[in-house]
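**Q** The structure that follows is given in the form of structure tokens.
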Amino acid sequence: MAPLRILVVDDHPVFRYGLRAILATMPETELVGEACTEDEAVAQALSLRPDVVLMDLTLPGGSGIAATHRIVAELPNTAVLVVTMLEDRDALLAAMRAGARGYLLKGADGEQTLRAIRAVADGEAIFSPAMAQHLIEHVATVPQNRYAQGPDGTFSDLTDREREVLGLLARGLTNAAIAEHLFLSPKTVRNHVSNIFGKLQVADRSEAIVRAREAGWG
């Protein structure tokens, strides 16, 4: 069988070197490219069309969450495996909503990495044990209607003001512009944005915008 074609996205040269060394020992994989920013990751993915993208979440000039969403939207057959230091439930949930098929913590050995690459390439979902536990706890504690939307496409657990702010976020307005538009103080807008992130269980502004636009806002 042809080797699995891998794109590595990480802004740390030492970590990329380590992944290169691991992949070099695996005849069933082929490293086809490397990127260190969100835009580079998307451009490389569209050009190379890898089977698997190994994606860090913290990237200069953007985020791995946003890069994952953009890649999966354009290349649904490309699997994204997050490889990160962030042992964080919110980051895990944001990555899954963006379309990642797995979440591996940095420090995994070569065999664990290969097993995760194989799994996501085969369409499976795979998580480091600690992250799997976070996911189980989340499913057990979040009400079933947590992400429900009302009949008009609004998020049912947001207040009217939070819906207004989210709608303006989806249109690309900055916090300052939102404050001016709604005649609110910048601090009040920041508080609303923080509440929105918490209620939507997103890690950052770009993921909130993705969620809103998926619902037809903006």
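The values are calculated or read from the model by the stated rules, or taken from the named source; none is laboratory data. Note that this is a predicted model, so its numbers are computed, not measured. Here the Cβ positions follow ideal geometry from the backbone for every residue, glycine too, while neighbour counts run over all protein chains shown. Please note that ligands, DNA and RNA were not included when accessible areas were found on the heavy atoms of the full protein model with its side chains. Shrake-Rupley method; radii C 1.70, N 1.55, O 1.52, S 1.80 Å.
**Q** Return only the number of the condition from (1) under 24 Å from Asp109 (Cβ atoms); (2) open to solvent by 30 Å² or more (accessible area, probe 1.4 Å) that Leu7 does not satisfy.
**A** (2)
**Q** Give the stretch 18-35 a look and list any residue that's touching a strand residue (DSSP E or B) at 6+ places or on another chain (Cβ under 8 Å), among the hydrophobic types (A, V, I, L, M, F, W, C) and open to solvent by 40 Å² or more (accessible area, probe 1.4 Å), or say none.
**A** Result: Ala24, Leu31.
**Q** Within the set of pairs 6+ apart or on separate chains, which have a first residue in the stretch 117-132 that is in a loop (DSSP other than H, G, I, E, B), a second that is modelled with pLDDT of 75 or more, and C-beta atoms under 7 Å apart?
**A** Filtered contacts from the stretch 117-132: Ala125/Arg101; Ala125/Gly102; Ser128/Tyr103; Ser128/Leu104; Ser128/Leu105; Ser128/Ala108.
**Q** Turning to a different aspect of this structure: Taking Ala67, is it open to solvent by less than 70 Å² (accessible area, probe 1.4 Å) and either assigned to a loop (DSSP other than H, G, I, E, B) or at pLDDT 85 or above (or both)?
**A** Judged against the criteria, Ala67 is a match.
**Q** Picking from Pro50, Pro76, which residue would you name as being assigned to a loop (DSSP other than H, G, I, E, B) and more than 30 Å from Gly198 (Cα to Cα)?
**A** Step by step, each of Pro50, Pro76 is checked, and only Pro50 is assigned to a loop (DSSP other than H, G, I, E, B) and more than 30 Å from Gly198 (Cα to Cα).
**Q** Out of the stretch 47-64, which residues are within 20 Å of Ala94 (Cβ to Cβ) and open to solvent by less than 20 Å² (accessible area, probe 1.4 Å)? First the steps, then the outcome.
**A** Taking the stretch 47-64 and keeping what is within 20 Å of Ala94 (Cβ to Cβ), we get 52-64.
Listed by number, the residues that qualify are Val52, Val53, Leu54, Met55, Asp56, Leu57, Leu59, Ser63, Gly64.
**Q** What pairs come out if I take residues in the stretch 187-202 that are touching a residue at least 40 places away in the same chain (Cβ under 8 Å) and pair them with residues that are among the charged types (D, E, K, R) and assigned to a helix (DSSP H, G or I) whose C-beta lies under 7 Å away, six or more apart or interchain?
**A** So the pair list comes out as Leu200/Arg211; Gln201/Asp90; Val202/Arg211.
**Q** Which members of the stretch 70-94 meet the condition of being over 16 Å from Ala45 (Cα atoms), more than 12 Å from the chain's Cα centre (by Cα) and surrounded by 23 or more Cβ atoms within 10 Å (Cβ to Cβ)?
**A** Correct list: empty.
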